[in-house]
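Working notes for the structure below.
The values are calculated or read from the model by the stated rules, or taken from the named source; none is laboratory data. These numbers come from a predicted model, not from an experiment. A quick note on method: Cβ atoms are made from the backbone with ideal geometry, for glycine too, and the neighbour counts reach across all protein chains shown.
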Ligand code: GLA
């Protein structure tokens, strides 16, 4: 965690509100494999990382609550009665959404002040929004003794995202951010919301993210659209979610769906299988197979589920062409953000220098590289 940022946020809180805050860290996440499977009740394999949101929060005696976003230098005054979503894109939606959803659980949130900031690169698809939601619900739970379990907290964060931010996300991001374990990835069954931790021995390899530094604007609408395609096909198949069907089941209704939507559903079924194979590969220390599955996952995301973009495909193609990269794929919702790459540590530098150069030549954009450490989930730090 970023000690300098911690100090800055704490100092800012004390100066602004003249009180000693509770300090919380809530991480972003990576996802090894299992993209868009979470809202199909399927499997994902994410991990929390050491970048995240730092939140300073304390009760207030005022008759309003104040939230301050240090990175934007913006303040938002909240009255905790009758909360409604603000205009799209407002960061305060994450906070008021969490308060409103806590209230919907029949709990009372009194007034508070908070300051937050973070070091998750924006638009990288590393779930800064889930990290923020989790930090707020976690902080309020402690301050007002709400008695919420971690599972209840992530469901509140997810509902805030659905109803106040407007993205019908699955549970992966909130889960990974809340439940992360150092050096482990979590094989999460998104139906039962239970996970198994897998300690990963990366041997001579490491995970790096390459941020395309693009975020195409259709992200949210395309996301919701994919979700509704999956739900429509599930209905046709008379099951709760695509998690419940095999490729053979899908084949039976092939005539009744468009070829494009057929491929999308097929992708989900295949991706679920890949996640389980990836977890097994980790147990067997078979990083080569893990890498192969990452490339296959990207293929599906690019050609079947169609949530990638030129910039990301280019980064993955560079990874494919490099003998020291075992696997790579787009990560997160898509249409920009990062690729996740499994690469021989000693060749990371030469690879990233080469990729950055080619990427700049082709798109006139600088990409950025982050080495990833799998870390603990949301916690009190002071
Ligand atoms: C976003 C959503 C998640 C998940 C991923 C795609 O990060 O918030 O719930 O659906 O996209 O795997």
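Pick from 11, 37, 66: which is crowded, with 16+ Cβ neighbours inside 10 Å and away from the ligand (no atom under 16 Å from the Cβ)?
66
Determine which member of the set 238, 288, 251 is in a loop (DSSP other than H, G, I, E, B), loosely packed, with under 15 Cβ neighbours inside 10 Å and assigned by TED's automatic domain parsing to the domain that holds residue 324. Break it down into steps so the answer makes sense when it comes.
Numbers: 288 fails: in a loop (DSSP other than H, G, I, E, B); 251 fails: in a loop (DSSP other than H, G, I, E, B).
Answer to the selection: 238.
Out of 300, 327, one residue alone is touching a strand residue (DSSP E or B) at 6+ places or on another chain (Cβ under 8 Å) and crowded, with 18+ Cβ neighbours inside 10 Å. It is 327. If you go through the range 14-34 and pick out every residue that is within 13 Å of residue 135 (Cβ to Cβ) and within 16 Å of the ligand (Cβ to nearest atom), you end up with 3. If you go through the range 108-123 and keep only what is surrounded by 18 or more Cβ atoms within 10 Å (Cβ to Cβ) and either more than 18 Å from residue 167 (Cβ to Cβ) or touching a helix residue (DSSP H, G or I) at 6+ places or on another chain (Cβ under 6 Å) (or both), you end up with 109, 112, 113, 114, 115, 116, 117, 118, 120, 121.
Check 115, 98, 109 and return the single one that is assigned by TED's automatic domain parsing to the domain that holds residue 13, assigned to a strand (DSSP E or B) and at pLDDT 95 or above.
Values: 98 fails: assigned to a strand (DSSP E or B); 109 fails: assigned to a strand (DSSP E or B).
Selected residue: 115, the only one of 115, 98, 109 that is assigned by TED's automatic domain parsing to the domain that holds residue 13, assigned to a strand (DSSP E or B) and at pLDDT 95 or above.
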